[in-house]
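All remarks here apply to the structure that follows.
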Amino acid sequence: MKVKNEKEISNTKEILYFTFKNKKMIIGMCLFLFFLLLGVFGPYLTQYGPMDYAGPGYHPPSSEYWLGTTFFGQDVFSQLVHGLRSSFGVGLLGGTIATLIGLSVGFFAGYKGGVVDEILMMVTNVMMVIPTIALMIVFAAYLPYRGVTIQAVIIGCTAWPWTARAVRSQTFSLKQRNFVSLARITGVKTIKIISGEIAPNMLSYVFMVYILQFGGSILAAVTLDFIGLGPTMGISLGLMLENAVLWNAIQLGMWWWIIPPGLAITLIVGGLYFMNTGLDEIFNPKLREM
Amino acid sequence: MSLEIKNLKVYYQTLRGQVKALDDISFKINDGDILGLAGESGCGKSTFSNSLILLKAPMKYIGGEVFLDGKKLPVENYEKMKEKRYKDISIIPQYALNAMNPTVKIGKYIHDVFAYKNFSYKGVDNELKRRLKIVGLDEGILNMYPIELSGGMKQRMVMVIATLMNPSLLIADEITSALDVSTQKAVSKMLVEFRDKKFVKSIIFVTHDVSVLYQIADKILIMYAGKFAEIGPAEKIIHNPRHVYTKLLVKAMPEVGIKFSDTPLTGIPGHPPLLIDPPEGCRFIDRCPEKMKECVKEPPVIKVGEDHYVACWKEVKKNA
Amino acid sequence: MLEATNLTKEFKVGSFGRGVFKAVNKASFKIDNKDIVSLIGESGSGKTTIGRMILKLTQISGGQIKYNGKDVSDIKNKNLKEYYRKVQGVFQDPFSTFNPIFKADRIFKMVKNEFYPALSNKEWEKKLDDSLKSVGLNPKEVLNKYPHQLSGGQLQRFLIARALLIDVELLIADEIISMLDASTRIDVLNLLAMLKEKGLSVLFITHDLSLGYYISNKAIILYRGVIVEMGPTDKVFFNPVHSYTQSLLDSVPRLDMKWDEIPKRKKTYTDIVSYIPGMSKRELKMTEIEENHFVAIE
């Protein structure tokens with residue numbers, strides 16, 4: 001039964017209401033914002049550069065070196081906050097690229113159907129089985145210099161297939177809806193139907209996809225860094241972990257070198273996943289708790 | 001006295017307040033009656049049929065009593081209703097066509113239902129086969145999957161399962177709405193046969209299609225915006241309705257033989273009130289062409305003929 | 001006006017698409033000026049597919065559609081848009097015909113952008129107001145609202161008003177009132193009948209025989225993708241010849257007679273009566289048994 005009400009709380013307000021009532025969403029957002037702010041403002045709180053030899057090596061946390069120093073005397077806090085920046089950078093760039101490619105492929109395959117669909121899905125399936133790492137090893141062999149940007153681009157270009165597949169099936173079902181038929185018999189062009197009719201209906205879904213891709217890109221970057229395929233210059237959370245393991249931080253009891261980056265990665269990605277499940281509950285009325 | 005409803009009130013709890021979907025309904029039906037329950041979408045007919053058997057959130061029991069065979073039904077208690085469901089009161093839901101588990105063979109499915117309810121399956125095995133024959137289904141159907149059945153076959157299958165324990169009351173919720181006319185006729189007639197064969201004592205047949213009710217129902221109950229409007233013998237409701245709403249509703253029904261160019265029909269202007277904040281008194285007041293000053297007060301239910309009751313101020317005046 | 005010849009729609013079914021399911025099988029019919037033709041069939045009879053083929057929303061597998069003498073089976077782009085100026089549709093579910101996240105009057109803006117880009121806003125507003133009034137809506141009451149704030153009847157009127165804005169000649173109305181309440185549906189139907197007086201032709205697709213009878217001057221009975229009977233509405237309804245048409249008419253719940261009281265029909269055309277399309281490989285021929293009244297006979 002449809003409950004029609006003139007004074008109905010508008011859709012946006014309702015979503016905001018459930019957003020601020022949802023614990024998972026709040027926890028996820030707090031975690032994410034905390035690290036985001038730390039990444040943005042952290043570098044101004046420290047006088048050392050991330051690669052500077054700031055003081056004595058093997059120094060536990062103190063008032064001067066908040067998170068201690070590495071084996072070589074680099075400031076861990078400074079490395080952490082700069083590492084956060086690059087991680088967020090990878091997430092932003094990689095996540096955006098993956099989402100955009102995934103959406104375009106998914107929309108066109110789902111809307112056009114037929115041969116277009118078959119070709120696009122074949123490409124998608126091929127991309128799905130090519131692992132990022134293999135591609136990265138090839139790139140590592142050819143590129144004399146690897147930066148965070150190129151890493152993010154490669155991650156973005158390999159992470160999209162699942163998004164494309166999911167968006168395709170959603171588009172496929174939206175395409176059957178009458179409002180798409182109505183736009184077609186009004187003579188609206190395909191691209192306009194996709195952007196004006198179909199995409200807006202998937203906004204919540206796209207948002208969730210983006211969050212997952214963001215987190216996924218950060219994790220992928222960490223994995224690459226950890227096996228030594230990270231940026232050749234600069235610092236990242238993955239590189240910190242790689243160095244810490246390389247110089248036996250665990251055996252030497254240098255917990256301050258290994259726990260901060262590890263915890264930061266866990267909490268950021270965890271926070272993003274929390275937000276994702278929270279959003280699911282917010283957008284899907286069936287999962288809402290009254 | 002098979003079923004008696006006294007002042008039943010069931011609301012929906014929403015963020016914006018309570019939706020008064022079923023507001024103070026009272027009536028009785030006798031053993032062996034098929035009661036047709038009709039009204040427009042949102043009139044409370046589905047709320048009513050659900051509240052008799054599956055009253056759960058966001059539905060909220062506000063007040064009233066239900067008596068089945070003289071015993072009070074604990075409709076407000078979801079747990080206590082468990083033992084009554086299926087055995088004393090059973091429902092063929094609106095989407096019965098999708099009610100069966102698609103991955104389980106039909107025979108196994110019935111078995112599972114019985115095991116879940118702690119009934120013995122052995123005793124009913126023969127009865128099940130006998131009844132399948134009555135509805136024209138082969139017993140081999142028990143070894144088939146639901147997907148292998150047509151819409152009409154599924155509907156008949158669900159009918160057999162729902163009435164296997166000979167419940168006192170069977171609720172059929174819009175069961176013919178999705179069917180083609182020929183299947184609709186067959187299923188409706190089968191329901192009458194079930195009653196005649198005493199598989200069920202009485203039936204509440206919920207639908208928006210009054211003409212089907214005229215074919216099979218003994219009595220028809222008309223609801224409007226969560227309120228009782230009129231109840232009476234089917235013949236009376238169709239050919240001599242007393243509530244202004246019923247009159248207009250019956251008049252708005254096209255039939256084979258009525259043409260726009262000869263006798264154009266007219267609808268009822270306006271639409272039903274929002275049940276979150278309905279008008280005081282008669283809820284049809286905004287659309288009623290014959291409204292009077294009394295209509296802002298709650299209309300009383302008065303008797304206008306044998307088994308014929310109506311809640312309309314116009315009739316109150318006429319009979320005063 | 002519109003002429004369909006041997007219109008066919010096939011769907012591939014089964015593993016690797018080896019099987020072929022004919023949703024519509026060689027349907028030939030005509031819609032003339034100021035005709036209201038009811039296309040009557042049960043679910044799965046192919047009636048919606050025929051509507052979608054005429055609206056060019058589904059590709060034609062075989063046969064031909066001619067509009068004012070021109071073959072429109074394969075038109076594209078500019079020609080297609082010209083075709084949509086003349087032929088429009090209204091669909092069954094009013095709530096799904098509106099994009100739920102936008103205001104309902106967005107459908108009019110789409111029409112303006114696509115068909116009247118040169119018109120000034122003032123002229124457009126007047127045109128829109130006129131069109132809304134002609135379908136019995138008060139512009140002030142219904143504009144600027146979301147679909148869920150309007151009733152199903154209002155939304156269907158919106159869609160008819162939209163078609164009128166485009167100066168449409170033929171309207172494909174696919175079950176447009178089956179989701180509306182009994183008290184308001186008849187007014188939408190009356191509206192169509194009145195628009196016919198002004199020169200509109202309508203293909204009224206329905207499963208409800210009484211609605212088809214009420215409004216149409218020609219009726220087509222469709223069964224499993226095959227036209228089994230067609231002709232002037234009165235002839236089809238009061239002298240049904242095909243057994244399927246007869247059984248449909250005898251199953252309609254009536255208000256003047258109960259099912260058991262319906263008199264048995266004389267079975268005059270037994271050999272036709274026993275025929276069920278799709279069950280036999282024999283070819284069907286549309287045969288004129290009285291003036292303009294056609295029945296599918298082997």
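The values are calculated or read from the model by the stated rules, or taken from the named source; none is laboratory data. Computed from a predicted model, the values in this text were never measured in an experiment. Glycine gets a Cβ as well: all are built from the backbone with ideal geometry, and neighbour counts include every protein chain shown. Only protein heavy atoms, including side chains, enter the accessible area calculation; ligands, DNA and RNA are left aside. Shrake-Rupley method; radii C 1.70, N 1.55, O 1.52, S 1.80 Å.
Report the calculated FRET efficiency for C:Glu123 and B:Lys293 (r = Cβ-Cβ distance, R0 = 41 Å), to the nearest 0.05.
Numbers: r = 47 Å, r/R0 = 1.15.
Calculated value: 0.30.
Nearest 0.05, what FRET efficiency do A:Glu118 and B:Val104 give at R0 = 41 Å with Cβ-Cβ as r? Show your work: numbers first, answer last.
Values: r = 35 Å, r/R0 = 0.85.
E between A:Glu118 and B:Val104, to the nearest 0.05, is 0.70.
So what is the accessible area of the stretch C:2-297 per residue, in Å², with the probe set to 1.4 Å? Display every interim value, and only then the final one.
Details: 13270 Å² over 296 residues.
With the other protein chains kept in place, the stretch C:2-297 gives 45 Å² per residue.
Using only protein heavy atoms and a 1.4 angstrom probe, determine the accessible area buried between C and A, summed over both sides, in Å² to the nearest 100.
Values: alone 16100 and 15840 Å², together 29750 Å².
So the buried area, both faces added, is about 2200 Å².
How large is log10 of I(q)/I(0) for the stretch C:2-297 at q = 0.13 Å⁻¹ when the intensity is taken from the Debye formula with one equal scatterer per alpha-carbon?
For the requested q values the scattering log ratios are -0.96.
For the protein assembly as shown, with all protein chains present and a 1.4 Å probe, just round the carbon and sulfur fraction of the accessible area to a whole percent. Walk me through the numbers on the way to the answer.
Numbers: 23430 of 41320 Å².
The value for the protein assembly as shown is 57 percent carbon and sulfur by accessible area.
I'm checking a number: the convex hull volume of the Cα atoms of the stretch A:98-183, normalised per residue, in Å³. What is it?
About 91 Å³ per residue, rounded to a whole number.
When the helices in chain C are scored as -39500 (n - 2.57) per DSSP H run of 4 or longer and the sum is shared across all residues, what 222 nm value do you end up with, to the nearest 500 deg cm²/dmol?
Values: 12 runs with 106 residues, N = 298.
So the helix-based figure for chain C works out to -10000 deg cm²/dmol.
Compute, for A:Leu45, the solvent-accessible surface of its heavy atoms (probe 1.4 Å) with the complete set of protein chains present, and express it in square angstrom to the nearest 10.
110 Å²
Taking the Cα centre of chain C as the origin, how large is its charge dipole in debye, to the nearest 20, when only Lys and Arg (+1) and Asp and Glu (-1) carry charge on their Cβ atoms? Don't jump to the answer; show the numbers that get you there.
On the way: 44 positive and 36 negative charges, 189 e Å.
Here chain C has a charge dipole of around 900 debye.
Calculate, for the stretch B:1-79, the solvent-accessible area per residue in square angstrom, rolling a 1.4 angstrom probe over the heavy atoms of the protein chains.
38 Å²
What does the accessible area of B:Tyr86 come to, in Å² to the nearest 10, when a probe of 1.4 Å is used?
Probe radius 1.4 Å; accessible area of B:Tyr86 about 30 Å².
I need the chymotrypsin sites (Phe, Trp or Tyr not before Pro) found in the stretch B:113-145, filtered to DSSP loop residues with at most 16 other beta carbons within 10 Å of theirs. Don't skip to the answer; put the middle values down first.
Values: sites: B:Phe114, B:Tyr116, B:Phe119, B:Tyr121; in loops: B:Phe119, B:Tyr121.
Sparse-neighbourhood loop chymotrypsin sites (Phe, Trp or Tyr not before Pro): B:Phe119, B:Tyr121.
Taking the stretch C:119-207, which trypsin sites (Lys or Arg not before Pro) meet the DSSP loop condition and have no more than 15 other C-beta atoms within 10 Å?
Details: sites: C:Lys122, C:Lys126, C:Lys127, C:Lys133, C:Lys140, C:Lys145, C:Arg157, C:Arg162, C:Arg185, C:Lys196, C:Lys198; in loops: C:Lys145, C:Lys198.
Listed in order of number, the matching sites are C:Lys145, C:Lys198.
Can you tell me which of B:Gln155, B:Gln94, B:Gln13 moves the most in a GNM of chain B? Springs connect C-alpha atoms under 10 Å apart.
B:Gln13
Counting Lys and Arg as +1 and Asp and Glu as -1, each charge on the Cβ, what is the dipole of chain A about the Cα centre in debye, to the nearest 20?
Numbers: 19 positive and 14 negative charges, 278 e Å.
The dipole of chain A has a size of about 1340 debye.
Give me the distance between the Cα centres of the stretch C:1-58 and the stretch B:22-98, rounded to whole Å.
43 Å
Can you tell me what the convex hull of the Cα atoms of the protein assembly as shown projects to on average, as an area in nm²?
Working: hull surface 190.3 nm².
Across all orientations, the protein assembly as shown yields a mean hull projection of 47.6 nm².
Per DSSP H run of at least 4 residues, take -39500 (n - 2.57); add these up for chain B, divide by its residues and hand me the 222 nm value, nearest 500 deg cm²/dmol. Please list the in-between numbers first.
Values: 9 runs with 88 residues, N = 320.
Helix-only estimate at 222 nm: -8000 deg cm²/dmol.
In the protein assembly as shown, if the dipole is taken from +1 on Lys/Arg beta carbons and -1 on Asp/Glu beta carbons about the Cα centre, which of C:Val24, B:Asn319, B:Ile134 is farthest to the positive end?
It is B:Asn319.
Pairs to check: C:Lys9/C:Lys235; B:Lys154/B:Lys259; B:Lys197/B:Lys219; B:Lys60/B:Lys87; B:Lys189/B:Lys259; B:Lys154/C:Lys47. Give those whose C-alpha atoms are more than 31 Å from each other in this structure. Before the final figure, lay out each step's value.
Values: C:Lys9/C:Lys235 28 Å; B:Lys154/B:Lys259 36 Å; B:Lys197/B:Lys219 19 Å; B:Lys60/B:Lys87 24 Å; B:Lys189/B:Lys259 29 Å; B:Lys154/C:Lys47 24 Å.
Where the Cα-Cα span goes over 31 Å, the pairs concerned are B:Lys154/B:Lys259.
With a cap of 15 neighbouring Cβ atoms within 10 Å, and only residues DSSP puts in a loop, list the chymotrypsin sites (Phe, Trp or Tyr not before Pro) found in the stretch C:81-139.
On the way: sites: C:Tyr83, C:Tyr84, C:Phe91, C:Phe95, C:Phe98, C:Phe102, C:Phe108, C:Phe115, C:Trp124; in loops: C:Phe91, C:Phe98, C:Phe102.
Hits after loop and neighbour filter: nothing returned.
Just how large is the dipole of chain B about the Cα centre, in debye to the nearest 20, putting +1 at every Lys and Arg Cβ and -1 at every Asp and Glu Cβ? Intermediate values should be presented prior to the final figure.
Working: 47 positive and 38 negative charges, 83 e Å.
It comes to approximately 400 debye.
Mind checking the angle between helix B:151-162 and chain B's longest principal axis? C-alpha axes, 0 to 90 degrees, to the nearest 10.
80 degrees
What quantity of accessible surface, computed with a 1.4 Å probe and excluding non-protein components, is buried in total between chains A and B, in Å² to the nearest 100?
Working: alone 15840 and 15820 Å², together 30710 Å².
Buried surface at the A/B interface: approximately 900 Å².
Using Cα pairs under 8 angstrom and six or more residues apart, how large is the relative contact order of chain C, in percent? Intermediate values should be presented prior to the final figure.
Values: 497 pairs, mean separation 65.4, N = 298.
Once divided by the residue count of chain C, the mean separation gives 22 percent.
Considering only B:Asn101, B:Asn240, B:Asn30, give the residue with the highest GNM mean-square fluctuation for chain B, with springs between Cα atoms whenever their separation is below 10 Å.
B:Asn101
Could I have the simple spin-label model distance between C:Met286 and A:Leu252, label points 7 Å from Cα toward Cβ, reported in nm to one decimal?
The two pseudo-label positions are separated by 9.1 nm.
Please grab the % of Cα pairs in the stretch A:77-279 that end up more than 23 Å from each other. All intermediate terms of the calculation are to be shown ahead of the outcome.
On the way: 10547 of 20503 pairs.
Summing the P(r) of the stretch A:77-279 above 23 Å gives 51 percent of all pairs.
What do you get for Rg/Rh of the stretch A:38-193 when both radii come from the Cα atoms and Rh is the Kirkwood radius? Write out the running numbers ahead of the final one.
Values: Rg = 23.2 Å, Rh = 19.1 Å.
Taking Rh as the inverse mean 1/r over Cα pairs, Rg/Rh reads 1.22.
Taking GluC sites (Glu not before Pro) that fall in a DSSP loop and have at most 10 other Cβ atoms within 10 Å as cut points, what is the longest piece of chain B between them? Walk me through the numbers before you get to the answer.
Details: sites that count: B:Glu79, B:Glu280, B:Glu306.
Free of exposed loop sites, the longest segment is B:80-279.
Buried accessible area for the C:B pair, summed, 1.4 Å probe, in Å² rounded to 100?
Values: alone 16100 and 15820 Å², together 28620 Å².
So the buried area, both faces added, is about 3300 Å².
How are the alpha carbon pair distances in the stretch C:1-102 distributed across 10 Å bins from zero to the largest one, expressed in percent?
Reading the bins upward from 0: 13, 41, 33, 12, 1.
How much area per residue is accessible in the stretch A:82-136 when the probe is 1.4 Å and only protein heavy atoms are counted (Å²)? Each step should come with its number before you reach the end.
Working: 2440 Å² over 55 residues.
Each residue of the stretch A:82-136 exposes 44 Å² on average to a 1.4 Å probe.
So what's the back-of-envelope 222 nm ellipticity for chain A, counting only DSSP H runs of four-plus at -39500 (n - 2.57) apiece and dividing by all residues, rounded to 500?
Working: 12 runs with 199 residues, N = 290.
Taken over chain A, the calculation gives -23000 deg cm²/dmol.
Just A:Met136, A:Met122, A:Met275 to compare: in a GNM of chain A, with alpha carbon springs under 10 Å, which one fluctuates most?
Maximum among the listed residues: A:Met122.
Largest first and in whole Å, what are the equivalent-ellipsoid semi-axes of the stretch B:68-108 based on the Cα gyration tensor, each being the root of 5 times an eigenvalue? Could you put the intermediate results ahead of the total?
Numbers: eigenvalues 145, 24, 21 Å².
Working from the Cα gyration tensor, I get semi-axes of 27, 11, 10 Å.
With the contact rule set at Cα under 8 Å and sequence spacing of 6 or more, what percent relative contact order holds for chain A?
Values: 418 pairs, mean separation 78.6, N = 290.
After rounding, I find 27 percent.
Taking the stretch C:57-174 as the region of interest, what is the percent of Cα-Cα pairs per 10 angstrom bin, listed from the shortest bin to the one with the maximum distance?
Reading upward from the zero bin: 12, 41, 32, 13, 1.
I'd like the per residue volume of the convex hull spanned by the Cα atoms of chain B, given in cubic angstrom. Intermediate results must be reported in sequence, preceding the final value.
On the way: hull volume 48.2 nm³, N = 320.
Spread over its residues, the Cα hull of chain B gives 151 Å³ apiece.
Over chain B, what relative contact order in percent results from Cα pairs under 8 Å that are six or more residues apart? Don't skip to the answer; put the middle values down first.
Details: 571 pairs, mean separation 64.3, N = 320.
Relative contact order for chain B comes out at 20 percent.
Which of the helices in chain A, when you take each full DSSP H run, stretch at least 20 Å along the axis at their Cα atoms and have an average Kyte-Doolittle score of 0.5 or higher? Don't jump to the answer; show the numbers that get you there.
On the way: long enough: A:23-45 (32 Å, 1.81); A:76-112 (52 Å, 1.06); A:114-129 (23 Å, 1.58); A:161-175 (21 Å, -0.50); A:203-226 (34 Å, 1.58); A:255-283 (41 Å, 1.05).
Span-like helices here: A:23-45, A:76-112, A:114-129, A:203-226, A:255-283.
Please name whichever of C:Val135, C:Ile107, C:Gly44 sits farthest to the positive end of the charge dipole of the stretch C:2-297, dipole taken about the Cα centre and charges placed at Cβ: Lys and Arg +1, Asp and Glu -1.
Positive-most Cα among the choices belongs to C:Ile107.
Please calculate the 1.4 Å probe accessible area of A:Met233, with all protein chains present, and give it to the nearest 10 Å².
Approximately 130 Å² of A:Met233 is accessible to the 1.4 Å probe.
May I ask for the longest run of chain A untouched by GluC sites (Glu not before Pro) that are loop-located per DSSP and have at most 15 neighbouring C-beta atoms (other than their own) within 10 Å?
Details: sites that count: A:Glu6, A:Glu64, A:Glu289.
Answer - A:65-288.
With each pseudo-label sitting 7 Å past Cα toward Cβ, what's the B:Glu193-A:Glu14 distance in nm, one decimal?
In this crude label model, B:Glu193 to A:Glu14 measures out at 4.5 nm.
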